[in-house]
Amino acid sequence: MPVAYINLNNLRANYLQLSQMAGDKKIIAVIKANAYGHGLCEVASALPQAHAFAVARIEDAILLRQHAIMQRIIVLTGVYTASDLALAAENNIDLVVHSEHHLNWLQAYTTEHKFDIWLKVDTGMHRLGFRPNDVPAAVAKLRSCKQVANIRLLSHFASADDINNPSNAMQIEEFSNLPALEKSFANSAAFVNYPDLDSDWPRI
C-alpha cells in the first residue's frame, strides 16, 4: 500500500516563501480534505504564523479548535443548517455566506456573539455565491444584522492556472467593481500568476 511521507520542515519553508511574496497581504492556508491528505491538525500546528485557516466543514473547524489552533478559521461552505450557527459561535468560527437562506438564518439567530462573515460572490466560477449585481443588497442586509461584526468579500477563479484564459480578466473586472471591503480572490495559481491582484487575503 502506498505511503506518503510529509516533511513539515519543508512545509514551513514553503509557507515562508509564500509569505515573503505576499508582503502585507494576509495568507489563508486552505487545509480542507484533511489538508489535502497531509494531516489537518499536523499542518495547522506546523504553521503558527498563518493568519487564517480555511476548511470545508464546520466539523473540521471544531477539531482544529480542540487541538488548540487559535487563528482565524473560515468554513468555506458556510453552515449546512441553522443549528450549526451555535457551534460556529461557540468556537469563534468565521462563516462564508453564499445564499439567501444563509442571510435569513443569520438574521433569525439570537446570540451575543458577532460573526465575521465572508460573502461569497460568483464572478464566473458558477458554483456558489451571489451574483455581483446582488452583492450591494446582500452587504446591506448583513450590515443590518446585529449578529455580524466584519464583512469581507470572497470569490474564486474558474481558470486561474491558465494565464491566457480570457475569463480571468472578466472575473478580475467583476471583482474590482464590488464594494470597497477587504477581499479574498486569489487561490494558489492566481497568487503566482497575478501578483498585483486586489486580494487582501490570498487563499493558498
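The values are calculated or read from the model by the stated rules, or taken from the named source; none is laboratory data. No experiment lies behind these values; they were computed from the predicted model shown. Neighbour counts run over all protein chains shown; Cβ positions are idealised from the backbone, glycine included. Just so you know, the surface numbers come from the protein's heavy atoms only, side chains and all, with ligands and any DNA or RNA stripped out. Shrake-Rupley method; radii C 1.70, N 1.55, O 1.52, S 1.80 Å.
For segment 138-151, the set of residues classified as surrounded by 17 or more Cβ atoms within 10 Å (Cβ to Cβ) and either under 8 Å from K114 (Cα atoms) or among the small types (G, A, S) (or both) consists of A138, Q147, V148, listed by residue number.
Quick one: count up the residues across segment 18-32 that are in contact with a Phe, Trp or Tyr (Cβ under 9 Å, 6 or more places away or on another chain), in a loop (DSSP other than H, G, I, E, B) and open to solvent by 80 Å² or more (accessible area, probe 1.4 Å). Before you say what the answer is, go through the steps one by one.
In the first step, residues of segment 18-32 are kept if they are in contact with a Phe, Trp or Tyr (Cβ under 9 Å, 6 or more places away or on another chain); the result is 18, 21-22, 25-31.
From the residues that got through so far, the ones that are in a loop (DSSP other than H, G, I, E, B) too are 25-27, 31.
This time we only want the ones that are open to solvent by 80 Å² or more (accessible area, probe 1.4 Å), so: 26.
Total satisfying the criteria: 1.
Name the one entry in P202, P195, P166 that is in contact (Cβ under 8 Å) with a residue 12 or more places away in the chain and over 15 Å from the mean Cα position of the chain (by Cα). Break it down stepwise before answering.
Values: P202 fails: over 15 Å from the mean Cα position of the chain (by Cα); P166 fails: in contact (Cβ under 8 Å) with a residue 12 or more places away in the chain.
From the options P202, P195, P166, the qualifying one is P195.
Of all residues in segment 41-63, those satisfying the criterion of being more than 17 Å from N7 (Cβ to Cβ) and open to solvent by less than 10 Å² (accessible area, probe 1.4 Å) are A50, A52, F53, A54, V55, I58, A61.
Which of the residues that make up segment 152-204 are part of a strand (DSSP E or B), touching an Asp or Glu at 6+ places or on another chain (Cβ under 8 Å) and crowded, with 19+ Cβ neighbours inside 10 Å?
Across segment 152-204, the qualifying residues are L153, K183, S184.
Count of segment 98-121 residues, restricted to those that are more than 16 Å from R57 (Cβ to Cβ), assigned to a strand (DSSP E or B) and hydrophobic (A, V, I, L, M, F, W, C), is 4. Could you please let me know if D116 is over 23 Å from D24 (Cβ atoms) and not hydroxyl-bearing (S, T, Y)? Taking the combined requirement at face value, the residue does not satisfy it.
Is it the case that Q66 is open to solvent by 40 Å² or more (accessible area, probe 1.4 Å) and either on the phi < 0 side of the Ramachandran plot or aliphatic (A, V, I, L, M) (or both)? So Q66 passes the test.
The rows are residues; the columns are (1) among the small types (G, A, S); (2) farther than 20 Å from A52 by Cβ; (3) crowded, with 20+ Cβ neighbours inside 10 Å.
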residue: D84; (1), (2), (3): no, no, no
residue: V97; (1), (2), (3): no, no, yes
residue: A108; (1), (2), (3): yes, yes, no
residue: K114; (1), (2), (3): no, no, no
residue: L119; (1), (2), (3): no, no, yes
residue: T123; (1), (2), (3): no, yes, yes
residue: P132; (1), (2), (3): no, yes, no
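Each residue in segment 72-97 was checked for being in a strand (DSSP E or B) and under 23 Å from S144 (Cβ atoms), and 6 of them qualify.
All of I58, I117, I73 fail the test of being under 30 Å from E174 (Cβ atoms) and in contact with an Asp or Glu (Cβ under 6 Å, 6 or more places away or on another chain), apart from I58. Restricting attention to segment 1-17, which residues are of a type in the set (A, V, I, L, M, F, W, C), within 18 Å of Q49 (Cβ to Cβ) and exposed (fewer than 13 other Cβ atoms within 10 Å of the Cβ)? A13, L16 - these are the residues of segment 1-17 that are of a type in the set (A, V, I, L, M, F, W, C), within 18 Å of Q49 (Cβ to Cβ) and exposed (fewer than 13 other Cβ atoms within 10 Å of the Cβ).
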